[in-house]
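Here, each number is a calculation from the coordinates, and none is a lab measurement. It should be emphasised that the depicted structure is a prediction, and the values quoted were computed from it without experimental measurement.
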Amino acid sequence: MTKQEVISGLEDSGVVAVIRADKIETAEQIVEAIVEGGITAIEVTMTVPNAFDLIKKLSKKYQGSDVLVGAGSVTDAVSAKNSIDAGAKYIVGPTFDQDVVNICNEFQVPVIPGAMSPTEVVNAMKAGADIVKIFPATLFGPKIIKAIKGPIPHAPLLPTGGVNLDNVQDWFEAGACAVGVGSALSKGWKEGKFDQITEQAKQFKEKVALIKKEL
């Protein structure tokens, strides 16, 4: 896939599933449950044990499908390069790091660094960010997206943190191009309730599709 095709795929999905777990096997089960529910953008965070191995395994498993496997919580260039080598289609960071952006741009892989203020958003875009992750979005709620989009309407923003089924519409109405969802999507994994995760994914997919159709 081209860089633009990946970006379009993330925006079409609307939801980027943020994967965190204490074991690689559990993380894979969470991913399978989410994909079964219809969400196609998967962000494997570096906090998952053996994250690079999981990215490589998932990339091979879903090769040729519309599932986009990316890496999250990436804070350094080495991790970014290892993720790309493992097959990650996009790189997400909680903060901005120029070296990470440079590596991703060199290999034509979409990069989504984290930011919070308008200054950080603009600086990230100038540095080569394709989308800017607003994190932790829960600190301000959807109003932070609307506030940033006021003076910077062209900024592609992906809020992560605090997004759930009750407020996801507010995030899109405020101007988000997509949302990152973690615990609200994967809750139940510690108890092995993967059917519940699939159902949550279905609900997110259906609700976001309806929201995007109405906007």
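If you take the Cα centroid of the range 1-30 and the Cα centroid of the range 165-196, the two points sit 13 Å apart. Its relative contact order, with pairs defined as Cα atoms under 8 Å and 6+ residues apart, puts the range 58-215 at 13 percent. Ignoring lysines fewer than eight residues from Lys81 along the same chain, the ones with Cα atoms less than 26 angstrom from its Cα are Lys3, Lys23, Lys56, Lys57, Lys60, Lys61, Lys89, Lys126, Lys133. Of interest is the spacing of the C-alpha centroids, which for the range 42-81 and the range 122-141 amounts to 20 Å.
Once C-alpha pairs closer than 8 Å and six or more residues apart are averaged by separation and normalised to the residue number of the range 122-186, the relative contact order reads 32 percent.
Bridge orientation summary for the range 1-78: considering DSSP beta bridges with both residues in this region, about 0 percent are antiparallel.
Dividing the summed helix terms, -39500 (n - 2.57) for each DSSP H run of n ≥ 4, by the number of residues in the chain produces a 222 nm estimate of -14000 deg cm²/dmol to the nearest 500.
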